[in-house]
1. Taking 8 Å as the Cα distance limit and 6 or more residues as the minimum spacing, I'd like the relative contact order of the chain as a percentage.
2. What angle, in degrees between 0 and 90 and rounded to the nearest 10, separates the Cα long axis of helix 105-117 from the longest principal axis of the Cα atoms of the chain?
3. Can you tell me the 0 to 90 degree angle between the C-alpha axis of helix 146-159 and the longest principal axis of the chain, rounded to 10?
4. When the accessible area of region 224-287 is split by element with a 1.4 Å probe, what percent falls to carbon and sulfur?
5. Leaving out ligands, DNA and RNA, and with a 1.4 Å probe, what % of the accessible surface on region 349-477 is carbon or sulfur?
6. Could you tell me the distance between the Cα centroids of region 71-127 and region 1-34, to the nearest Å?
7. Given a Förster distance of 25 Å, report the FRET efficiency between HIS453 and GLU347 from their Cβ-Cβ distance, rounded to the nearest 0.05.
8. Normalising by the residue count of region 317-402, find the relative contact order in percent from Cα pairs under 8 Å and 6+ residues apart.
Amino acid sequence: TSAQIGVTGLAVMGRNLARNFARNGYTVAVHNRTVSRAQELVKEFGHEGDFVLAETAKEFVAALERPRRLVIMVKAGEPTDAVIQEFAPLLEPGDMIIDGGNAHFADTRRRERELRERRIHFVGTGISGGEEGALHGPSIMPGGSKESYESLGPMLEKISAKAADGAPCVTHVGPDGAGHFVKMVHNGIEYADMQLIGEAYQLLRDVAGYTPAQIADIFRTWNTGRLDSYLIEITAEVLSHVDAATGKPFVDVVVDQAEQKGTGRWTVQIALDLGVPVSGIAEAVFARSLSGHAALRAASRDLAGPKPAALSGSEAAAFADRVEQALYASKIVSYTQGFHEIAAGSEEYGWDIDLGAVSSIWRGGCIIRAAFLDRIRAAYDARADLPSLLSDETFAREIADAQDDWREVLIAATRQGVPTPGFAAALAYYDALRAQRLPAALTQGQRDFFGAHTYRRVDREGAFHTLWGGDRSEVSA
Ligand code: NBP
């Protein structure tokens, strides 16, 4: 038998992806460096579909129909290069290597270039949804050549998640590293979403005085409205969970130091390189790193703060409604920033990414799946060249309606000393974008003063310099 697809790397993700292909009727060759993993997969799940067990790289390649489709699901980084080096010499022109790991898009660009010389298609593919998604339908973000997508697309569409309207959550994102770039920004947006939800929780707890169980109920209510999303849903689950050992809310027995694997950090690093202000995502990454500085936090615990003031019951309920507004408005801003980064990456690397299609494939399967993404889709459908999500009429109107509450929530947070870097960064971004004048004019004046860096004028073309150390007359630069 020849397999239509092969998966090498059978840890949680690869194993579930292989099962997903098999359950959808494809014959799947399976391979893993440690052979026992492949044997166990076939033993345990062989009844689910047609698997071809390959114990060596040669057997694996021989098991695949041509042109070959070979999925790599190993640890990102050096292991990916090692596996490519092992398999590439065994492949022929026209074959496809699909890397489903969390690779950095720059690595994907390099690998694609190297393999293109050997006429092998390298398809860097972002896959989101964790192990459940891999098994039941992930959101899939493939890059690589158009030609490879013609061959792979129908299979990926079959195994992907489906949005509420039935559309498969996969699209050909663009050439070479485009898929992994979009996956990276997806993860950055995920960091921001989680940080904003965390701030909303802390405000409901410290300002409104609600218990975790009460806050879980508030999130459940929000989940029936415009915030309807996977992350809000699981937040309610986590908050209502009670620790069996102590009987305390689970959230109170977990060490409050957030970890990270790196894709959020990459999103910010690349944004800095591209000159895109992703302040909300950056604050989310910094908030995680700040939380991890245990010694610094311990040394700072006695620093002065405001006197706490509790709200009355009816005030608390009104405050919760305001927090919902602040959360929603801040969420619009973080998606605005994330899509700006994708647009900038697309421009820089010539990817021609369809932002509407990206929002469409995030509607199901992935961690940030949400009703909200339908609205983003609608915004790009209405106007494909939308300069920013904030220029969409619907979003602009919603923020206009939310902004008074958004500001009030930040005032309350500041007054009571609850850190809300995500909400604050989002509002600052919004206010800066709509400002008639920014202090950047003053910055330019300072730069010209100390470094003769020159400035432009509002009333005339050209670059100018003021003779600050002399008679302060202006010269053309
Ligand atoms: P891991 O990231 O834990 O990788 C384990 C796999 O890599 C095993 O199959 C292992 O083989 C193989 N491997 C390693 Br490590 N070094 C190798 C080498 N030099 N040569 C050949 N094989 C090697 O697995 P995972 O958690 O299933 O994730 C797979 C990929 O999917 C990663 O890139 C990850 O970032 C990405 N991803 C994960 C998730 C998630 O929720 N976990 C979500 C989305 C994407 P062995 O069995 O012989 O040790």
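The values are calculated or read from the model by the stated rules, or taken from the named source; none is laboratory data. The structure displayed is predicted, hence computed values, not measured ones. Glycine also receives a Cβ, built like all others from the backbone with ideal geometry; neighbour counts cover every protein chain displayed. The area values use the complete protein model at the heavy-atom level, side chains included, leaving out ligands, DNA and RNA. Shrake-Rupley method; radii C 1.70, N 1.55, O 1.52, S 1.80 Å.
1. On the way: 836 pairs, mean separation 60.3, N = 477.
It rounds to 13 percent for the chain.
2. Long axis of 105-117 versus the principal axis of the chain: about 40 degrees.
3. Helix 146-159 and the main axis of the chain meet at about 90 degrees.
4. 55
5. On the way: 3670 of 7230 Å².
Carbon plus sulfur share of accessible area: 51 percent.
6. 17
7. Values: r = 26 Å, r/R0 = 1.04.
Step by step, r from the Cβ atoms, then E = 0.45.
8. Worked out over region 317-402, it gives 30 percent.
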